[in-house]
Amino acid sequence: MEYEAVIGLEIHAQLKTKTKIFCGCANSFGEPPNTLVCPVCLGLPGVLPVLNQQALELALKAALALDCEIPNFSKFDRKNYFYPDLPKGYQISQFDQPLAKGGYLEINVGGGIKKIDLNRIHMEEDAGKLIHASRRGSQVDLNRAGVPLIEIVTEPVIKSPAEAYEFLTTLKAVLEYIYACDGNMEQGSLRCDANISVRPKGETALGVKAEVTNMNSFRNVQAALEYEIDRQISEVKKGNRIVQETSLFDAAKNRTVAMRSKEESHDYRYFPEPDLVPVMVAPTWLGE
C-alpha cells in the first residue's frame, strides 16, 4: 500500500514595531537579559494592556498581501497555560474571532503554480525565552515577552517537504517585501510549527497528526518533515498507532524527539480578554 503525507504549517512572524504589542517597552533583539521589561509585560498584578496600533496595521498589511478576508470585528482572548517564560500564566492571543480568515499564497511546484490555502491569521504576544545554560538549571529572559506576533495558519493541503520549503521561502519574501517582519530566523523573528499525518493514497480522511514545533530554519523544517513522514509510514506498516504528540527536531541527529502529548484547543481554556476592547476595522482604514 502506498501512503501520502498531509502537512499543515503554523508560522509565527514577529512584527517590525518599535515597541511591544501591549506596552511601551522596546521591541529589540540582543539587549542584556530582562532589561526590556515593565510591569505590563512582566504580568504584575493590576496592569492593563493597550494595543499597539502599528502592530495592528502591520498585521492588516500581511492579511491584505495574502488575500485574506478581514472581518470588521475581531477580539483578543486569553490562552491559558503554565510555562516559565510566560509570566502572566496566559498568553493574549485570538481564538474564535481572529483578525483575518482564509487567504492563499501561490508557490512554484515542479514548473507549475500551486495555490496553498490559508485558514487564518491572528495576532498574539510572544513568550519569553528559556536559556538552558548550565547543569544547575535554566534561566529566563523576558525581553521577548510581549513582542507582537502574527500566526499564519495554512490548511492541511501541503503534500511534501519540498512544497513546505517553497511555501516558507515565498512567505518570508512577502513579509519582508511589505516590511511586516525582518525574517531573521537566527534571531527567532520567524519560526515554524508543522503538523504532519500520513494516510493511504486515495483516502480523504486525515490521519492522526504529530506536531514538530519551534523550528527556526527552513532546511530543518524540510528535514524534520522527511524524517517524520518516514517514521509514521513505518509505524503504520507495522500495525502500530500514531500518537498525537508534540516533538522537537534534533538537527544534530536528524530526527524528531517526542516532548509531550499534543494539546487540543479546549486544554487552553480560552476566554475573551476582559482588558482589551474588540478591534473594529473600518473599510476606509483598510483602503489606506
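The values are calculated or read from the model by the stated rules, or taken from the named source; none is laboratory data. Bear in mind that the values here come from a model prediction, so they are computed numbers and not experimental data. Quick reminder, even Gly has a Cβ in these numbers, built from the backbone with ideal geometry, and neighbours come from all protein chains shown. Each accessible area value is taken on the protein alone, full model and side chains, heavy atoms only, with ligands, DNA and RNA left out. Shrake-Rupley method; radii C 1.70, N 1.55, O 1.52, S 1.80 Å.
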Tell me which of these Gly89 doesn't satisfy, since it passes every other one: (1) on the phi > 0 side of the Ramachandran plot; (2) open to solvent by 20 Å² or more (accessible area, probe 1.4 Å).
(2)
Taking Trp285 as meeting all but one of (1) modelled with pLDDT of 90 or more; (2) assigned to a loop (DSSP other than H, G, I, E, B), write down the number of the exception.
(2)
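Can you tell me which residues in the stretch 1-24 are of a type in the set (Gly, Ala, Ser) and surrounded by 22 or more Cβ atoms within 10 Å (Cβ to Cβ)? Break it down into steps so the answer makes sense when it comes.
Residues of the stretch 1-24 of a type in the set (Gly, Ala, Ser): 5, 8, 13, 24.
Once the filter is applied, which keeps residues that are of a type in the set (Gly, Ala, Ser) and surrounded by 22 or more Cβ atoms within 10 Å (Cβ to Cβ), the stretch 1-24 yields Ala5, Ala13.
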Within the stretch 155-189, count every residue that is under 21 Å from Glu124 (Cβ atoms) and in contact with a helix residue (DSSP H, G or I) (Cβ under 6 Å, 6 or more places away or on another chain).
6
Taking the residues in the stretch 25-76 that are closer than 23 Å to Glu273 by Cα and of a type in the set (Phe, Trp, Tyr) as candidates, determine which candidate is surrounded by the most Cβ atoms within 10 Å (Cβ to Cβ).
Phe76
Restricted to the stretch 214-268 and to residues being of a type in the set (A, V, I, L, M) and touching a Pro at 6+ places or on another chain (Cβ under 9 Å), the residue farthest from Gly183 (Cα to Cα) is Val236
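What about Gln222, is it touching a Gly at 6+ places or on another chain (Cβ under 8 Å), in a helix (DSSP H, G or I) and either in contact (Cβ under 8 Å) with a residue 24 or more places away in the chain or surrounded by 13 or more Cβ atoms within 10 Å (Cβ to Cβ) (or both)?
Working: touching a Gly at 6+ places or on another chain (Cβ under 8 Å): no; in a helix (DSSP H, G or I): yes; either in contact (Cβ under 8 Å) with a residue 24 or more places away in the chain or surrounded by 13 or more Cβ atoms within 10 Å (Cβ to Cβ) (or both): yes.
No: the conditions fail for Gln222.
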From the option list Gly43, Gly89, Gly111, single residue qualifying as free of Cβ contacts under 8 Å to residues at least 24 places away in the same chain, out of contact with any Ser or Thr (no Cβ under 7 Å at 6 or more places or on another chain), farther than 27 Å from Leu286 by Cβ and not basic (Lys, Arg) is Gly111
Residue hits (the stretch 242-266; loosely packed, with under 12 Cβ neighbours inside 10 Å and either among the charged types (D, E, K, R) or in a helix (DSSP H, G or I) (or both)) are Lys253, Arg260, Glu264, Ser265, His266
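Of all residues in the stretch 92-112, how many are out of contact with any Cys (no Cβ under 8 Å at 6 or more places or on another chain) and part of a loop (DSSP other than H, G, I, E, B)?
Total satisfying the criteria: 8.
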Within the stretch 225-234, can you find the residues that are loosely packed, with under 15 Cβ neighbours inside 10 Å and of a type in the set (D, E, K, R)?
Asp230
Inspect all residues belonging to the stretch 96-115 and state whether any of them is touching a Gly at 6+ places or on another chain (Cβ under 8 Å), modelled with pLDDT of 95 or more, hydrophobic (A, V, I, L, M, F, W, C) and surrounded by 19 or more Cβ atoms within 10 Å (Cβ to Cβ).
no
